[in-house]
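Asker: First the structure, which I've put down as structure tokens, then a few questions once you've had a look.
Nothing in this text is a laboratory measurement; each read-out follows from the coordinates by a stated rule. Quantities reported herein were computed from a predicted structural model and do not represent experimental measurements.
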Amino acid sequence: MSLPNWSRFIVVPLLAMCVGALGGLLYWSLSDLPEVNSLESYTPLESSFVYSSDGQVLAELYLERRNFIHHYNIPDHIKKAFIAIEDQRFYSHPGVDLIGILRALYKDIIAQSIVEGGSTITQQLTKMLFLKPEKSVSRKIKEAVISVQIEKKYTKDEILGMYLNKAYFGARAYGIEAAAQTYFGKSVNELTLAEAAMLAGLQKAPTMYSPFKNADKTWIRRQVVLKKMLANGFISEGDYERANAEPLPAAPHNRKYEAPYFIEFLRQQLESQYGDKIYTSGFKIYSTIDYTMQKIAEKAIQNGIKAIEKRVKPGVQAALIAMDPRTGHIKALVGGNDFWETQFNRATQALRQPGSAFKPFVYATALESGMTADDEILDEPISFPGSRPGLMWSPKNYDGKYRGLVSLKTALALSINTATVRLAHDVGLQDIIELTKKCGIKSTLQPYLPLALGASDVTLLELTTAYGAFAVGRRVEPLTYERILNREGIPIEETLSKSEEVLSQETVDKMKELLRAVVESGTAQRAREITSRLVYGKTGTTNIFSDAWFMGFDDRLVVGVWVGRDNHKPIGPKEAGAQAALPIWIEFMKNIP
């Protein structure tokens with residue numbers, strides 16, 4: 001039957017308009033499609049890892065906790081779990097599953113609500129990578145076209161790998177590897193069937209199906225995944241029963257820093273150099289920390305504080321740094337009793353008076369000027385003009401005794417104040433300050449005679465670095481990491497030790513003689529219990545016992561220990577360096593391999 005002539009003038013233009021509108025919609029929808037080829041250069045945000053010098057993972061740095069894993073390293077049972085619950089026809093459709101769409105539409109009509117979506121894994125990847133989360137016809141058209149293009153460009157396993165690396169699993173875990181670490185504390189290649197099924201079930205709604213918030217819903221959802229795997233022939237009935245009986249995880253495996261004070265110190269350095277890349281670029285950062293030494297240092301600090309607080313009021317803090325004086329590598333660093341309680345780093349940030357631990361710089365200056373360990377200095381009461389007109393400053397010896405003429409070795413070993421101040425006056429404060437700067441002290445030192453007794457503030461890191469010069473004659477800049485690799489394992493930075501000779505070998509030998517005398521016959525005789533090797537060092541105590549120090553070294557490490565309170569109040573009666581700091585130093589030095 002043909003249309004009347006007059007109706008053709010209405011129908012034909014209407015059909016043309018409809019075709020034109022549809023064409024226009026398609027053109028408008030597809031005019032700004034992204035280039036699928038850009039996937040080849042796509043690099044997801046990826047966590048960076050910090051390792052100890054002996055290969056232990058110390059920390060994971062991230063904005064999104066994601067660790068990329070190649071598709072060929074993802075176990076088969078994990079792939080099948082996601083396919084079973086997300087896209088059962090994944091390996092047969094061209095990116096868009098018309099059968100799946102019709103099936104989902106039928107189920108939605110029967111249920112009179114949206115109970116099943118028709119998006120394939122490829123379409124979900126497309127949404128993650130290229131499209132905004134809007135609901136529109138235009139977006140669905142783009143999604144379908146891009147998905148087909150992706151399928152033509154990449155293999156099914158490559159697409160599945162990209163999807164699993166991009167997906168969000170809740171608890172700040174992005175990608176299947178990070179999810180495995182977060183929920184189960186293991187790598188993806190160690191996941192059981194039950195664990196894989198749980199993660200596959202999470203993807204639909206990570207908060208709703210979180211085992212830490214809704215365990216019952218998580219268990220039911222995992223069971224759904226396992227049943228679908230069984231129905232698709234991916235697993236046997238026995239596999240299903242065993243997996244279904246496995247318990248859910250009880251708590252997330254959120255990575256805490258090992259060596260937290262050190263990691264925070266390192267993180268700040270790296271951030272100033274690399275910015276956000278340290279959280280997003282999958283760096284492998286190999287630090288200088290020796291994991292075994294670090295744990296021994298942390299235990300020594302714990303035990304030391306516990307022993308001190310049996311004698312005094314609680315609230316005492318302590319810090320320790322161990323450094324290789326030849327390379328500057330920091331091998332252990334503890335900045336306080338509990339990083340998770342207070343992040344203030346007493347090893348690198350706290351400016352405290354070093355007390356008698358500063359005296360060796362006075363004696364080193366004297367030795368550099370030509371004096372010897374046996375040269376004598378007068379130990380008797382002495383006064384100098386004070387800070388204001390008419391005032392006099394008269395240093396006092398700790399024990400109240402005066403010994404007349406004493407050798408430099410005896411004066412330092414017994415930490416005699418008046419002899420040290422007299423020596424500082426004779427050799428000159430400016431020369432002393434110049435020497436300390438050469439050795440590594442960067443803080444401002446006041447050019448007044450109380451400086452000889454440690455009256456100017458320094459950090460433990462500065463003082464430890466400077467003592468390294470007594471050990472090897474060179475100032476070495478402290479280093480926190482040896483090298484950084486990118487996500488492909490290619491080195492992007494390798495650090496080199498920077499050192500400068502600051503003391504002659506003759507002075508180094510003489511300083512060792514003086515600092516060994518402190519151990520053998522002076523204020524640090526307790527350190528003689530270290531019999532496996534020679535150790536050298538100096539105690540330090542400030543007025544009213546607010547700071548206690550021990551600074552020392554052997555043939556491979558220079559180690560500094562500080563004890564005090566953050567409010568600068570006294571630690572406790574008679575809590576001098578030999579009483580409070582030296583036992584921590586000894587425990588560390590006796591136990592390191």
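Asker: Please identify the helices of the chain, taking whole runs of DSSP H, that span at least 27 Å along their own axis as judged from the Cα atoms and have a mean Kyte-Doolittle score of 1.0 or higher.
Answerer: Membrane-span-like by this criterion, though nothing is claimed about a membrane: 5-30.
Asker: Give me the extension gain from Met208 to Lys186: residue separation times 0.36 nm, minus the current Cα-Cα distance, reported in nm with one decimal.
Answerer: That works out to 5.6 nm of additional length.
Asker: Under 5 Å between amide hydrogens, which residues at least 5 positions from Thr542 or on another chain qualify, with H placed 1.01 Å from N in the peptide plane?
Answerer: So Thr542 has HN proximity to Asp547.
Asker: Alpha carbon centre of region 143-220 versus region 573-593: separation in Å?
Answerer: Measuring centre to centre over Cα atoms gives 50 Å.
Asker: What pairs from Lys277/Lys438; Lys299/Lys590; Lys359/Lys401 go past 23 Å between their alpha carbons?
Answerer: Lys277/Lys438
Asker: Which pairs in the list Lys156/Lys217; Lys396/Lys569; Lys284/Lys306 are over 27 Å apart, alpha-carbon to alpha-carbon?
Answerer: Checking Cα-Cα distances, Lys156/Lys217; Lys284/Lys306 exceed 27 Å.
Asker: Sticking with this one: If amide H atoms are built 1.01 Å from N in the plane of the peptide, which residues on other chains or at least 5 residues away come under 5 Å of the amide H of Leu58?
Answerer: Amide H to amide H, under 5 Å and 5 or more residues apart or across chains, Leu58 pairs with Val50, Tyr51, Ser52.
Asker: For the chain, what are the per-bin percents of Cα-Cα distances with bins 10 Å wide, up to the bin holding the maximum?
Answerer: In order of increasing distance, the bins hold 3, 14, 19, 16, 12, 10, 10, 7, 4, 2, 1, 1, 0, 0 percent.
Asker: Here's a follow-up. Hey, what do the phi angles of region 55-67 turn into as Karplus ³J(HN,Hα) couplings, whole Hz, using 6.51/-1.76/1.60 and θ = phi - 60°, x for Gly and Pro?
Answerer: Calculated HN-Hα couplings, in order: x, 7, 6, 9, 6, 10, 10, 7, 9, 10, 6, 9, 10 Hz.
Asker: Mind checking which aspartates and glutamates have their C-alpha under 14 Å from Lys227, skipping anything on the same chain fewer than 8 residues away?
Answerer: Cα-Cα hits under 14 Å: Glu86, Glu237, Asp239, Glu241.
Asker: Given only helices, namely DSSP H runs of n ≥ 4 each adding -39500 (n - 2.57), what is the per-residue ellipticity at 222 nm of the chain, to the nearest 500 deg cm²/dmol?
Answerer: Mean residue ellipticity, 222 nm, calculated: -13500 deg cm²/dmol.
Asker: Can you tell me how much longer the chain between Tyr402 and Lys310 gets when fully stretched, taken as 0.36 nm per residue apart minus their C-alpha distance, in nm with one decimal?
Answerer: Net length gain for the segment: 29.7 nm.
Asker: So which aspartates and glutamates can Lys213 reach, going by Cα to Cα under 19 Å and dropping same-chain residues fewer than 8 places off?
Answerer: Glu195, Glu246
Asker: Also, quick follow-up: How high is the relative contact order of the chain, given as a whole-number percent (alpha carbon pairs under 8 Å, six or more residues apart)?
Answerer: Normalised by residue count, the contact order of the chain is 13 percent.
Asker: Same structure, new question: Skipping prolines and chain starts, which residues have an amide H placed within reach, meaning under 5 Å, of the one on Leu534, given they are 5 or more residues away or on another chain?
Answerer: Those qualifying (amide H under 5 Å, at least 5 residues apart or on another chain) number zero.
Asker: Per 5 Å bin, what is the whole-percent P(r) computed from every C-alpha pair distance within region 305-430?
Answerer: 2, 9, 14, 14, 14, 12, 13, 13, 7, 2, 0
Asker: Explain nothing, just compute: Karplus ³J(HN,Hα) = 6.51 cos²θ - 1.76 cosθ + 1.60, θ = phi - 60°, for every residue of region 486-491 in order, whole Hz, x for Gly and Pro.
Answerer: 3J(HN,Hα) across region 486-491, in whole Hz: 7, 5, 8, x, 8, x.
Asker: Averaging sequence separations of C-alpha pairs under 8 Å and six or more residues apart, then dividing by the length of region 368-415, give the relative contact order as a whole percent.
Answerer: The value is 46 percent.
Asker: Ok, one more. Along its three principal axes, how long is region 360-447 when you only count alpha carbons? Whole Å, largest extent first please.
Answerer: 37, 34, 20
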